[in-house]
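**Student:** Got a structure for you, questions after.
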């Protein structure tokens, strides 16, 4: 886990475990119909990046204190990256309002694929109040 100061005190936890359902839940993006189960290496993913099928993302966004480090890098279809940007914009608004100051981002994987099936965002405030989550369905 990496803790960050700056915009807010956020933490990064990249894992494959599921997150308990919080009080407020939001789902964004419809999953792609493509099957990425055979994308098991970075070389295969980069080949799909070159052809525009996948794009690189940082699971925990830099706008909220994430770093460009291997554990925070991933590959998703462009539609999922767009959905993630919408989630991040919503989170930034909530941070500015002071309603959220902690976050965990968890990509879930199927089999040996390095393309996550979904990305879970779980946020809350150290001051209490409602917990917030969003799920970006990838495939």
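**Student:** Being assigned to a loop (DSSP other than H, G, I, E, B) and within 14 Å of residue 74 (Cβ to Cβ) is the filter here; which residues of region 127-139 pass it?
**Tutor:** First, pick out the residues of region 127-139 that are assigned to a loop (DSSP other than H, G, I, E, B): 127-131, 138-139.
Of everything in region 127-139, those that are assigned to a loop (DSSP other than H, G, I, E, B) and within 14 Å of residue 74 (Cβ to Cβ) turn out to be 138, 139.
**Student:** Moving on. Is at least one residue of region 85-92 in contact (Cβ under 8 Å) with a residue 24 or more places away in the chain and over 14 Å from residue 123 (Cα atoms)?
**Tutor:** Narrowing region 85-92 to residues in contact (Cβ under 8 Å) with a residue 24 or more places away in the chain: 86-88, 90-92.
Among the residues that remain, those that are also over 14 Å from residue 123 (Cα atoms) are: 86.
Within region 85-92 (the criterion being in contact (Cβ under 8 Å) with a residue 24 or more places away in the chain and over 14 Å from residue 123 (Cα atoms)), the answer is yes, since at least one residue qualifies.
**Student:** Can you name every residue in region 109-126 that is closer than 22 Å to residue 53 by Cα and in a loop (DSSP other than H, G, I, E, B)?
**Tutor:** First, the residues of region 109-126 that are closer than 22 Å to residue 53 by Cα: 109-120.
Hits for region 109-126 are 109, 110, 111, 112, 113, 114, 115, 116, 117.
**Student:** Go through region 22-62 and report how many residues are part of a loop (DSSP other than H, G, I, E, B), surrounded by 17 or more Cβ atoms within 10 Å (Cβ to Cβ), modelled with pLDDT of 70 or more and in contact with a helix residue (DSSP H, G or I) (Cβ under 8 Å, 6 or more places away or on another chain).
**Tutor:** The total comes to 5.
**Student:** Can you give me the number of residues within region 68-98 that are within 23 Å of residue 34 (Cβ to Cβ) and outside any loop (DSSP other than H, G, I, E, B)? Reasoning before the result, please.
**Tutor:** Applying the first criterion (within 23 Å of residue 34 (Cβ to Cβ)) to region 68-98 yields 73-87.
Right, trim to outside any loop (DSSP other than H, G, I, E, B) and you get 73-76, 78-87.
Residues in region 68-98 being within 23 Å of residue 34 (Cβ to Cβ) and outside any loop (DSSP other than H, G, I, E, B): 14 in total.
**Student:** Here's something else I'd like to know. Kindly indicate whether any position in region 99-109 is over 11 Å from the mean Cα position of the chain (by Cα), buried (at least 18 other Cβ atoms within 10 Å of the Cβ), modelled with pLDDT of 95 or more and on the phi < 0 side of the Ramachandran plot.
**Tutor:** Here is the first cut: in region 99-109, the residues over 11 Å from the mean Cα position of the chain (by Cα) are 99-102, 109.
Checking which are buried (at least 18 other Cβ atoms within 10 Å of the Cβ) leaves us with 100.
Next, only the ones that are modelled with pLDDT of 95 or more stay: none.
Within region 99-109 (the criterion being over 11 Å from the mean Cα position of the chain (by Cα), buried (at least 18 other Cβ atoms within 10 Å of the Cβ), modelled with pLDDT of 95 or more and on the phi < 0 side of the Ramachandran plot), the answer is no, since none of the residues qualifies.
The values are calculated or read from the model by the stated rules, or taken from the named source; none is laboratory data. Source: prediction; values computed, not measured. All Cβ positions, glycine included, derive from the backbone under ideal geometry; neighbour counts span all protein chains shown.
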